[in-house]
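The values are calculated or read from the model by the stated rules, or taken from the named source; none is laboratory data. All values derive from a computational prediction rather than experimental measurement. Here the Cβ is made from the backbone with ideal geometry for all residues, glycine too, and neighbour counts use every protein chain on show.
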Amino acid sequence: MPTANASGVKLNYTDTGGSGMPVLLLHAFPFNSAMWEPQIESLGDKFRFIVPDLKGFGDSDAPEGEQAYSMESYADEVKALVDEVGFDRFVLAGLSMGGYIALAYMRRYADGVAALVLADTRAEADPPEGKEKRSNQQKQVLQDGTAGLIETLTGALLAESTRANKGDVVKKVQAAMENPAAGFIGALEAMKNRIDSTDSLAKIDVPTLVIVGENDAITPPEAARKLHEHIGGSELVVIPDAGHISNMESPEAFNGALAEFLNKR
Ligand code: MLT
């Protein structure tokens, strides 16, 4: 897999190649690029996907120390990747934390983004109790490693029906959460400190697709509806029978919505 030097951070990424407009896929917390396999497998021959492991995840650099992580630094590294791979117009897509980063990217750069996909994400910052929960999760990972949090998140992120009926998906989700402890701690810091993007949504003037799993308990359909209401001309698609990781839990419906949107670009 190729790597890019993004603002001094080595980022591992997949490029499916092809001649269409590049589509940059940003993964969720605490995943890596493997979470986008269902999209690469089904749609990778029709669209050119660029899929990085974000800092702290997969095979990318995972610096120690929370100060190395923020939504702004993630956005800067994505910009450096875009510049290094060398495309000037692309579709930016992020799921959950990937969506927080996409919103930071739109605040800082926006140029070059031809269209936006925001999946299972929200514009609001964390409330005080959310920040406290993340601090406790950081302590847990520091003391005990990542296994306990991966187990908790498996319960929280996935729809009950996924956990009950889709054992293969549960295994793939858990495998994609196997990442360095430094990445968990750093990304939790970045999410904890992220600013509210609500006011900047009105400035988004590119075609935007908002996707959400109907049973997403982390960034529920109300959060997606707010994004849809604030982003002029955006489309909203609710994925039936899916929780927060809608692209892995119900890939057919997710891919259908994504392909329909990308075909128009
Ligand atoms: C994610 O899926 O990226 C995280 O669960 C988002 C969050 O905790 O806010």
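Quick notes
- Hits in the stretch 87-96 - residues which are away from the ligand (no atom under 12 Å from the Cβ) and under 8 Å from the mean Cα position of the chain (by Cα): ALA93
- All positions within the stretch 37-74 that are among the aromatic types (Phe, Trp, Tyr) and within 21 Å of SER19 (Cβ to Cβ): PHE47, PHE49
- Contact annotation: residue pairs with Cβ atoms under 6 Å, 6 or more positions apart or on different chains, pairing a residue in the stretch 183-209 that is among the charged types (D, E, K, R) with a partner that is surrounded by 22 or more Cβ atoms within 10 Å (Cβ to Cβ), are GLU189/TYR69; ARG194/MET71; ARG194/TYR100.
- For ALA187: the one exception among (1) aliphatic (A, V, I, L, M); (2) in contact with a Pro (Cβ under 7 Å, 6 or more places away or on another chain); (3) under 24 Å from PHE47 (Cα atoms); (4) within 16 Å of the ligand (Cβ to nearest atom): (3)
- Filtered residues of the stretch 232-265 (kept if within 18 Å of GLY98 (Cβ to Cβ), free of Cβ contacts under 8 Å to residues at least 40 places away in the same chain and β-branched (Val, Ile, Thr)): VAL237, ILE239
- Breaking point among (1) more than 30 Å from ILE50 (Cβ to Cβ); (2) within 11 Å of the ligand (Cβ to nearest atom), for GLY99: (1)
Condition check ((1) among the small types (Gly, Ala, Ser); (2) surrounded by fewer than 17 Cβ atoms within 10 Å (Cβ to Cβ); (3) outside any helix (DSSP H, G or I)) across all residues:
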residue: ASP199; (1), (2), (3): no, yes, no
residue: VAL210; (1), (2), (3): no, no, yes
residue: ILE218; (1), (2), (3): no, no, yes
residue: ALA224; (1), (2), (3): yes, no, no
residue: VAL238; (1), (2), (3): no, no, yes
residue: ALA242; (1), (2), (3): yes, no, yes
residue: MET248; (1), (2), (3): no, no, no
residue: ALA253; (1), (2), (3): yes, no, no
residue: LEU258; (1), (2), (3): no, no, no
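- Pairs, first farther than 22 Å from VAL212 by Cβ in the stretch 147-161, second away from the ligand (no atom under 12 Å from the Cβ) and at pLDDT 95 or above, C-beta under 8 Å, six or more apart: GLY148/GLN140; LEU149/GLN140; LEU149/VAL141; ILE150/GLN174; ILE150/GLU178
- Among the residues making up the stretch 1-48, those that are at pLDDT below 95, of a type in the set (A, V, I, L, M, F, W, C) and over 26 Å from GLN174 (Cα atoms) are ALA4, ALA6, MET21.
- Here GLU41 meets each of (1) touching a residue at least 12 places away in the same chain (Cβ under 8 Å); (2) acidic (Asp, Glu); (3) under 23 Å from ASN255 (Cβ atoms); (4) not in a loop (DSSP other than H, G, I, E, B) with one exception, condition (1).
- The residues of the stretch 119-146 that are of a type in the set (D, E, K, R), near the ligand (Cβ under 10 Å from one of its atoms) and more than 21 Å from VAL210 (Cβ to Cβ), listed by number, are LYS133, ARG134.
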